[in-house]
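S.K.: Sharing a structure below in structure tokens format, with a few things to ask.
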Amino acid sequence: MNNRIKRVWLVLAILAMVIIIGATLPSFVKARSKSSLNACVNNLRQIDSAKEQWAMANDRTSGEDFVVSEVNEYIKGNTTPVCPHGGTYVYNPIGVFPECSCSEGKIVAEEHNK
């Protein structure tokens, strides 16, 4: 009888832990997704800022094209940032906000270019 009570308590304890983990897991996934979105948005802002700095230093105006490697000199590491979602950044002409091929980046660019 004593062994049976211990087993019941053990099963109840395991069940409680499974319920707690199941309840908190979605919040961890959501936080990670939000963090990745913020990283992608910040990368887009860095690229846009580098484009604007390059344009001012080279007397260029909106709509003009540029050399990506020259713009990357204004980004820390002198290289295009890496999207946390595996997307590819498209710099776009001067005056147009850059885009990312990941779904989050497309949404940000659309909102910014309105």
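The values are calculated or read from the model by the stated rules, or taken from the named source; none is laboratory data. A quick note: this is a predicted structure, and the numbers were derived from the prediction, not measured. With ideal geometry, Cβ positions are generated from the backbone for all residues, glycine too; neighbour counts draw on all protein chains shown.
S.K.: Can you pull out the residues in the range 41-74 that are in contact with a helix residue (DSSP H, G or I) (Cβ under 6 Å, 6 or more places away or on another chain), among the β-branched types (Val, Ile, Thr) and over 15 Å from Cys100 (Cβ atoms)?
M.R.: Listed by number, the list holds a single entry, Val71.
S.K.: Shifting gears a bit: Only one of Ala109, Ala31 is modelled with pLDDT under 85, among the small types (Gly, Ala, Ser), in contact with a strand residue (DSSP E or B) (Cβ under 9 Å, 6 or more places away or on another chain) and not in a strand (DSSP E or B); which? Before you say what the answer is, go through the steps one by one.
M.R.: Working: Ala31 fails: in contact with a strand residue (DSSP E or B) (Cβ under 9 Å, 6 or more places away or on another chain).
Every option except Ala109 fails the conditions.
S.K.: List every residue pair whose Cβ atoms sit under 8 Å apart, with the two residues 6 or more apart in sequence or on different chains, where the first one lies in the range 60-89 and is without any contact (Cβ under 8 Å) to a residue 40 or more places away in the chain and the second, anywhere, is in a loop (DSSP other than H, G, I, E, B) and exposed (fewer than 12 other Cβ atoms within 10 Å of the Cβ).
M.R.: Asn72/Asn78; Asn72/Thr79
S.K.: Which of the residues spanning the range 90-106 are surrounded by fewer than 16 Cβ atoms within 10 Å (Cβ to Cβ) and at pLDDT 85 or above?
M.R.: Kept after step one, since they are surrounded by fewer than 16 Cβ atoms within 10 Å (Cβ to Cβ), are these residues of the range 90-106: 90, 93, 95, 101, 103, 106.
The answer is Val90, Pro93, Gly95, Ser101.
S.K.: Would you pick out the residues in the range 39-89 that are of a type in the set (Ser, Thr, Tyr) and modelled with pLDDT of 90 or more?
M.R.: Filtering the range 39-89 for residues of a type in the set (Ser, Thr, Tyr) gives 49, 61-62, 69, 74, 79-80, 88-89.
Of everything in the range 39-89, those that are of a type in the set (Ser, Thr, Tyr) and modelled with pLDDT of 90 or more turn out to be Ser49, Ser69, Tyr74, Thr79, Thr80, Thr88, Tyr89.
S.K.: Then there is this: Being of a type in the set (Ser, Thr, Tyr) and within 26 Å of the chain's Cα centre (by Cα) is the filter here; which residues of the range 55-76 pass it? Full working, then the answer.
M.R.: Applying the first criterion (of a type in the set (Ser, Thr, Tyr)) to the range 55-76 yields 61-62, 69, 74.
Passing the criteria: Ser69, Tyr74.
S.K.: Residues in the range 75-100 that are in contact with a Phe, Trp or Tyr (Cβ under 8 Å, 6 or more places away or on another chain) and under 13 Å from Leu44 (Cα atoms): how many?
M.R.: 7
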